[in-house]
Amino acid sequence: MDRELTQRLHRDYITVYRISWLITHGIFFVIIALYFVFSLMWEWTLWPGWIALTLFIITFILFTWIIPQMIYNRFQYELFEDELEIQKGLIFLSNVLVPMVRVQHVELESGPLMRKYDLAGVSIVTAATTHKISGLKLTEAQQLKRRIGLLAKVDDQDE
């Protein structure tokens, strides 16, 4: 049997995704609040602020509650001896096969929020593009990086 690993994102990735969008929306909220303050001080029209606030509420619901769960539910990958299959998407699903002979190198990435939750991402770089698998536990991401490196016969000289 040549199937190596069938995997989904770690559940903590939903939390990290939500926190990052909460921070982004916090910044947007401050900007909208400042617009309302300045518009009252300088007698500007209020309707741009109300439009921005409406869009803020819609995107807040979408990006902090609906989309993270959809990403978690729809993302999966399978590692075989000769290829890596990645399925992802929100509205339009894509299914990509990455042949191991095309892999040039594999990278491990982790930002501050991901590190707080002991998560990391793996980037699989080919000549054409980079395929990312974000939201794995750090140990799983390290194992996946090593396994893809071995299957693709990529040298690990940097480590």
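Derivation of every value follows stated rules applied to the coordinates shown; laboratory data play no part. It should be emphasised that the depicted structure is a prediction, and the values quoted were computed from it without experimental measurement. A quick note on method: Cβ atoms are made from the backbone with ideal geometry, for glycine too, and the neighbour counts reach across all protein chains shown.
Computed from Cα positions, the angle between helix 47-61 and the longest principal axis of the chain comes to roughly 30 degrees.
Tell me which GluC sites (Glu not before Pro) from the stretch 52-151 have a DSSP coil assignment and no more than 15 other beta carbons within 10 Å of their own.
Sites meeting the loop and neighbour criteria: GLU81.
Rounded to the nearest 20, the size of the Cβ-charge dipole of the chain about its Cα centre is 460 debye, with Lys and Arg at +1 and Asp and Glu at -1. Note on the chain: lysine pairs with Cα distance below 17 Å, sequence gap of 8 or more or different chains, count 5. Which FRET efficiency value, to the nearest 0.05, do you get for TRP65 and ILE91 by plugging their Cβ-Cβ distance into 1/(1 + (r/R0)^6) with R0 = 22 Å? That gives a FRET efficiency of 0.85.
Calculate for the chain the 222 nm mean residue ellipticity that helices alone would give, adding -39,500 (n - 2.57) per DSSP H run of length 4 or more and normalising by residue count, nearest 500 deg cm²/dmol. Working shown, then result.
On the way: 5 runs with 73 residues, N = 159.
When only DSSP H runs of four or more count, the value is -15000 deg cm²/dmol.
Each residue of the stretch 100-107 was assigned a 3J(HN,Hα) from its phi angle through the Karplus expression (A = 6.51, B = -1.76, C = 1.60, θ = phi - 60°), giving 4, 5, 8, 6, 8, 7, 10, 10 Hz with x at Gly and Pro.
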